[in-house]
Amino acid sequence: MSRKVKGVVDFVFAVDVSASMGPCIEALSEGLSRFIDQLVGDPQTPVRSWRGRVFGFRDARIDDEPFVAFPFVEGDSDALKDQLNELVVTGGGDTPESLLDALWTIVHVGETAQGATELDATRWRHRRDAVRVVIVFTDADFHPTLSIPEAEGGTLDDVANAIMEHRVYLHVFAPDLPGYASLSEIDRAEFQPICSPREDPQAAMRRLVSNTANFHATLEMLARSVSRSAAVEVL
């Protein structure tokens with residue numbers, strides 16, 4: 001019989017680090033403590049154990065360093081904030097970016113053995129030991145096909161299947177564009193549009209993060225959603 005696990009979560013902040021995203025990353029760093037406090041302090045669905053990491057992405061088709069991947073840190077919000085502060089916003093060029101490539105890479109990092117007492121900081125916990133969550137922040141559209149060598153030519157359907165196969169919860173903050181509507185149809189996915197199709201996405205992201213009180217409230221809402229996911233028994 002599989003043992004039942006509640007209140008344990010591994011999460012990844014997948015952040016667009018193209019040049020326009022500087023204000024968002026600064027706001028994420030400043031508001032991270034609100035996210036963690038809500039995550040572990042929710043009286044109804046508290047998270048008792050968490051690991052987090054930051055994964056930056058740009059455009060894999062034109063940037064020499066399309067991904068910036070950090071290891072998981074366990075229960076240390078200061079270390080996670082340091083990861084955000086180490087991100088360098090640059091490149092990206094014109095939209096779109098390589099979000100699908102980033103999601104594929106994040107999902108396929110592997111997992112530790114079930115019940116392992118020593119965890120690998122580069123891998124997920126076993127799928128029966130923790131809920132897995134990926135949180136995306138971007139102000140850009142994404143390429144419809146993958147370009148990384150290990151998945152070249154893959155499509156959104158391939159990424160969706162991988163996300164569901166690896167039992168990942170997906171939360172996306174992005175422009176209201178058709179591709180994101182398709183992402184939101186993935187099982188366990190939630191999409192929060194930052195603007196309408198007629199608005200400038202970069203200006204909308206700046207507006208979202210410039211109102212500190214509202215953005216902190218957004219992070220607290222996100223944390224409540226993650227903690228509810230972690231309250232589900234992992235079988």
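No lab work stands behind these numbers, since they all come straight from the coordinates. In this text, all values refer to a predicted model and were calculated from it rather than measured experimentally. We place every Cβ from the backbone using ideal geometry, glycine too, and count neighbours over all the protein chains shown.
Do the sum for the chain: with -39,500 (n - 2.57) for every DSSP H run of n ≥ 4, divided by all residues, what is the mean residue ellipticity at 222 nm, to the nearest 500 deg cm²/dmol? Show your work: numbers first, answer last.
Numbers: 7 runs with 84 residues, N = 235.
After summing the helix terms and dividing by the residues of the chain, the value is -11000 deg cm²/dmol.
At ARG224 and THR155, where each label point lies 7 Å from the Cα along Cα→Cβ, what is the point-to-point distance in nanometres?
3.8
Can you find, among ILE186, LEU222, VAL47, the residue farthest towards the positive end of the dipole of the chain? Put +1 on the C-beta of Lys and Arg, -1 on that of Asp and Glu.
Ranked along the dipole, the leading option is VAL47.
Treating only the Cβ of Lys, Arg, Asp and Glu as charged (+1, +1, -1, -1), what charge dipole size does the chain show about its Cα centre? Round to the nearest 20 debye. Please report the intermediate quantities before stating the final value.
On the way: 22 positive and 37 negative charges, 226 e Å.
In total the dipole reaches around 1080 debye.
Using only the alpha carbons, work out the radius of gyration and Dmax of segment 8-230 in angstrom.
Both quantities, over Cα of segment 8-230: 16.2, 50 Å.
Quick check: net charge around THR138, other residues with Cβ under 11 Å of its Cβ, Lys/Arg +1 and Asp/Glu -1? Intermediate values should be presented prior to the final figure.
On the way: positive: ARG58; negative: ASP16, GLU97, ASP139, ASP141.
In short, -3.
So what is the relative contact order for the chain, in percent, with contacts set as C-alpha pairs under 8 Å and at least six apart? Kindly include the intermediate steps, with their values, before the conclusion.
On the way: 469 pairs, mean separation 66.0, N = 235.
Reported as a whole number, the value is 28 percent.
Work out which helices of the chain, taken as complete DSSP H runs, extend at least 24 Å along their axis over the Cα atoms and score a mean Kyte-Doolittle of -0.5 or more, then list them.
Values: long enough: 22-41 (29 Å, 0.44); 212-230 (27 Å, 0.04).
What comes out of the filter, once short or polar helices are dropped, is 22-41, 212-230.
Checking a compactness column here: for segment 64-118, what do you get for Rg(Cα) / (2.2 N^0.38 Å), N being the number of residues? Spell out each step's value before the answer.
On the way: Rg = 14.6 Å, N = 55, 2.2 N^0.38 = 10.1 Å.
It is 1.44.
Give the residue list of GluC sites (Glu not before Pro) in segment 145-223 that are DSSP loop and have at most 13 other beta-carbon atoms within 10 angstrom.
Values: sites: GLU150, GLU152, GLU165, GLU185, GLU190, GLU199, GLU220; in loops: GLU152, GLU185, GLU199.
When the GluC sites (Glu not before Pro) of segment 145-223 are filtered for loop state and at most 13 Cβ neighbours within 10 Å, GLU152, GLU185 remain.
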